[in-house]
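Structure, as structure tokens:
What follows is calculated from the coordinates using simple rules that are stated; it is not laboratory data. All values derive from a computational prediction rather than experimental measurement. Cβ coordinates were reconstructed from backbone atoms using ideal geometry, including for glycine residues, and neighbour counts include every protein chain displayed.
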Amino acid sequence: MKNITTKLLTLGISAVLLTGSITACKVTNNSKINATVKVNGEEIINTQIGVGAGSWKAAESNAMTDELKKYFDEAISKIDGYSHTPVLLLGTQVVAGTNYCFLTTSTIQAQNAAKEMRLTYINVDPSGSATFLKDDVLKLPGVDDKGDKVGGWAYAESTEITADIKKVVEKATETLTGATYEPIAYIGSQVVAGTNHAILCKSTPSVAELNGATTYVLIYVYEDLQGNCEITETTDVVLSID
């Protein structure tokens, strides 16, 4: 089996100073800590307290509604050179209006570049006007800063979680304790002696004391030629406009 060691994202670890209580800490197998806090009885998924007027919350539903598509299209129409397609709503942050984070597929039109997957952030102000804030590339191992692929990794043609991908996750997590993983988007793959999969999941702690707070995690699953599946690495996906 081939270990995957390349990180996709820079993970933020922030000190939390507020009137409230830290209810849990989630530690990945890479010893990265992502605090989950509760303020006024409301769970949040990011430790970036004090950024804007509130903190990021995981979306209860990741579906793209007509209203969200309208806001997204308005925001993206104000920038040039990119073609973005929203796939899922990941989370929101209350500020002067509301910030939204979406999983998107995108290409740089001027360079006729290959498709990438990004975390794209927009703001909708109190008047309902939408503005693009920023986006971050969700990198696969072996995809460099120029978007060139090495090592056989490739972004998925479709982010759909098919029955086969659900089965891969179920097999890989059947002995998992402490959390449940719900696959929400297929990110990419690498053909080896079998297949390595990159899958974006919602992670919910199964320990009662953690209050079921939801976070996002990118899991890497190795599927061998006999169909056996094993998680080889996990990476926390933290929403932040900093």
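At-a-glance table
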item	result
Dipole axis of segment 58-137 (+1 Lys, Arg; -1 Asp, Glu on Cβ), positive-most option in 90, 64, 119	119
Label-to-label distance, nm, for residues given as residue 226 and residue 73 (7 Å Cα→Cβ offset)	5.1 nm
Length added when fully stretched, residue 83-residue 176, from 0.36 nm per residue minus Cα-Cα	29.7 nm
Neighbour-count order for 197, 84, fewest beta carbons within 10 angstrom listed first	84, 197
Residue-span extension gain [residue 158 to residue 193] - 0.36 nm each, minus C-alpha spacing	10.3 nm
